[in-house]
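The values are calculated or read from the model by the stated rules, or taken from the named source; none is laboratory data. Model, not experiment: these values are computed from the prediction. As a convention, Cβ positions derive from the backbone with ideal geometry for all residues, glycine included, and neighbour counts pool all protein chains shown. We work out accessible area using only protein heavy atoms, side chains counted, and drop any ligands, DNA or RNA first. Shrake-Rupley method; radii C 1.70, N 1.55, O 1.52, S 1.80 Å.
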Amino acid sequence: MSTALNRWVLAGLCASLLVACSADDPVKTSAMAVQGLYSAALSDNGANALIGSIQHGGSYWKNTPSQRVYNWNHIAGQATPLISVDIDPSGDFAATGGDRTMVLWSTVTGESVGFWNTPGSIKSLKLTRNGDFALVGMDDQTARYFDIKNGGVRHVLRTGAIVRLVDVTPDGRYALTGDDLYQVILWDLTTGEARQRWQLDNNVATVKLSDDGAYVFAAAQLGDAKVWSGLTGAEVSTVNTGALQSRNVTISQAVFSASNRQLLLGQQNRRVNLVNVATGDVLRSWDLYLKDALRPTGSAVLALAFGTGNTYYAVGSNGYLNVFQ
């Protein structure tokens, strides 16, 4: 039996027995911010990264080979604390969000396309394809669907609580919010109305939409982690967060594969898992690189991406890009 086949059989046994299995190490790492990160995003194919570092603010990176391409901050000469950042699905635009300022950038030229002030403190932001619109979750109990190129708000999505997390489909058809009432709400952006609602058992730790809006993933801190149908609202599967490492964990990041068959999940304790969407079973596991293995300081997963073939990317809060296979 081949080594690869042995590994997949072992992964299947681990999932079926619900025990904590050992995780693989990255095949490649590169340092982006040695003092750590506030925020990070990866392009859909993992080729580029956008980070908000503690040391030098925003920067845009080419990942192979690792190279800083642009430095992006909201005030010249100052390192902006970037709360949330994103790269649009086309890869041609990126957005950086400070406390109450938001900037759209061209990844082609490195120049600013628009600078905006927001009516509330930004908690999370996501771009639609070509950077045409931004969905912004704020502390004023709303998520706003904003025309980031031209200005103006298309929809104000009112949740009744601080909106910590947002996601939007590339075509701008559906939006997803996670708020401080433990609510996960799927919105129809053609009307601005709520389409589905779900309730978690703790603070919402992450939310994610599949690109076509067919599936929704959300996880609570040390609690629920579920996949639902975006069409019917029915539960599709539950990820057993206790089985991931023999105790409940918090999932900090998630991304669906292009086929919607797999889900890449990142945890606050540096573990990355590849999960079967239909069953919730864990197929593979990896751990982020730590700078000092003898005195580890920990690293939460801040960004994830499916690469080409069986390659996966993750950015940790310790400022390292990780490549897995």
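Here are a few things to note about the model shown:
- With respect to the conditions (1) open to solvent by 50 Å² or more (accessible area, probe 1.4 Å); (2) outside any loop (DSSP other than H, G, I, E, B); (3) of a type in the set (A, V, I, L, M, F, W, C), Leu181 falls short on a single one, namely (2).
- Given (1) farther than 26 Å from Ala258 by Cα; (2) in contact with a strand residue (DSSP E or B) (Cβ under 8 Å, 6 or more places away or on another chain); (3) open to solvent by 40 Å² or more (accessible area, probe 1.4 Å), index of the condition Ala76 fails: (2)
- Any hit, the stretch 16-33, residues being surrounded by 12 or more Cβ atoms within 10 Å (Cβ to Cβ), among the hydrophobic types (A, V, I, L, M, F, W, C) and at pLDDT below 50: yes
- For the stretch 50-65, filtering for residues that are open to solvent by 40 Å² or more (accessible area, probe 1.4 Å) and modelled with pLDDT of 95 or more leaves 1.
- Residue in the stretch 163-173 that is over 22 Å from Phe93 (Cβ atoms), among the small types (Gly, Ala, Ser) and touching a residue at least 24 places away in the same chain (Cβ under 8 Å) present: no
- Those residues of the stretch 187-211 which are over 16 Å from Arg144 (Cα atoms), open to solvent by 20 Å² or more (accessible area, probe 1.4 Å) and free of Cβ contacts under 8 Å to residues at least 40 places away in the same chain, in sequence order: Arg195, Gln196, Arg197, Trp198, Gln199, Asp201, Asn202, Asn203
- Options Thr279, Thr297; residue that is surrounded by fewer than 23 Cβ atoms within 10 Å (Cβ to Cβ), modelled with pLDDT of 95 or more and outside any strand (DSSP E or B): Thr279
- Taking the stretch 108-159 as the range and being surrounded by 20 or more Cβ atoms within 10 Å (Cβ to Cβ), assigned to a loop (DSSP other than H, G, I, E, B) and in contact (Cβ under 8 Å) with a residue 40 or more places away in the chain as the test, the residues that pass are Thr128, Ile148.
- Any hit, the stretch 281-290, residues being under 21 Å from Ser84 (Cβ atoms) and among the aromatic types (Phe, Trp, Tyr): no
- Here His155 fulfils each of the conditions (1) touching a Lys or Arg at 6+ places or on another chain (Cβ under 9 Å); (2) modelled with pLDDT under 95 apart from (2).
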